[in-house]
1. Among the hydroxyl-bearing types (Ser, Thr, Tyr), within 15 Å of DNA strand B (Cβ to nearest atom) and either free of Cβ contacts under 8 Å to residues at least 12 places away in the same chain or at negative phi (or both), is that true of A:THR40?
2. Take the residues in the range A:93-112 that are touching a residue at least 40 places away in the same chain (Cβ under 8 Å), of a type outside the set (Asp, Glu) and under 18 Å from A:GLU76 (Cβ atoms); name whichever of them is farthest from DNA strand B (Cβ to nearest atom).
3. Which is closer than 21 Å to A:VAL32 by Cβ, surrounded by fewer than 16 Cβ atoms within 10 Å (Cβ to Cβ) and either touching a residue at least 60 places away in the same chain (Cβ under 8 Å) or within 9 Å of DNA strand B (Cβ to nearest atom) (or both), of A:GLY137, A:GLY149, A:GLY115?
4. If you check every pair at least six apart or on different chains, which have Cβ atoms under 8 Å apart with a residue in the range A:6-28 that is farther than 23 Å from A:ILE118 by Cβ and part of a strand (DSSP E or B) first and a residue that is of a type in the set (D, E, K, R) and modelled with pLDDT of 95 or more second?
5. Taking A:ASN195 as the residue in question, decide whether it is among the polar types (S, T, N, Q), in a loop (DSSP other than H, G, I, E, B) and over 14 Å from A:VAL9 (Cα atoms).
6. Of all residues being in contact (Cβ under 8 Å) with a residue 40 or more places away in the chain and not hydrophobic (A, V, I, L, M, F, W, C) in the range A:47-71, which is surrounded by the most Cβ atoms within 10 Å (Cβ to Cβ)? Just the residue, please.
7. Scan (1) more than 11 Å from DNA strand B (Cβ to nearest atom); (2) under 30 Å from A:PRO193 (Cβ atoms) for the single condition A:LYS80 breaks and write down its number.
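The values are calculated or read from the model by the stated rules, or taken from the named source; none is laboratory data. Please read all numbers here as calculations on a predicted model, not as lab measurements. Counting neighbours? That spans all protein chains shown, and the Cβs are built from the backbone with ideal geometry, glycine included.
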Amino acid sequence: MHENANSLVILDFETTGLSPTNGDRAIEIGAVRIENGEITDKFQSLMNPGFRISSFIEQYTGISNQMLTKAAACDEVMDKFADFIGDDNLLAHNASFDKKFLDSELDNIARNYRGEFICSLLVSRRINLDAPNHKLGTLIRYKDIASDGAFHRALFDAEMTAKLWLNMLGDIEEKINHEFVPFELIKTLSKTPKNGVSKLLAAW
DNA sequence: TGCCAGGCCCTCTTTAGGGCCTT
């Protein structure tokens, strides 16, 4: 783990599709940094993938081809984003998706990161047992978290994921004998079968 | 031409299939 275990970068990509191995690219990155329970920094940028995006993605995200022609290239934006995340640990909602795009885009420019990825979706499935489902928008409503903006834009989704995360940390804190939730506990929790979660939290 | 993601997790499971999530 890196030096500042209290600092976490919560990120969200908008992309041209689901799979970088099929040629999909990132078109927007949004991220916030939280330290000691507060948002202390943010990053947002559109990026030009070098080809036209589908009308489905234009509609889904509200990001148009016209907006992207004016944006900086992916390589340029991702270089700045690699500086932003530094060595912080990382979190995303369904992290396996954002991780594969982060890895792919950073591979293109020979950049890297040293932080560890954790996933708010995997944690939610273990602690929000009564939620109707674990989509980001559903969980925001389920938790009564105020949201005023457009889902499926990168910075808004990153901000909402951060609020959801802080809310879930509060729930976990109430169940353990710690003043804060250790990163190691989150990693263990993410791999614990649902029926073992109560016992795990009680043991901390 | 025709193909078109993949990790997690449950179950009527493990010699597998399918739903959930992300764009």
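1. no
2. Applying the filter and picking the extreme gives A:LEU102.
3. A:GLY137 is the lone residue from the list that is closer than 21 Å to A:VAL32 by Cβ, surrounded by fewer than 16 Cβ atoms within 10 Å (Cβ to Cβ) and either touching a residue at least 60 places away in the same chain (Cβ under 8 Å) or within 9 Å of DNA strand B (Cβ to nearest atom) (or both).
4. A:ILE27/A:GLU14
5. no
6. In this case the residue turns out to be A:THR61.
7. (2)
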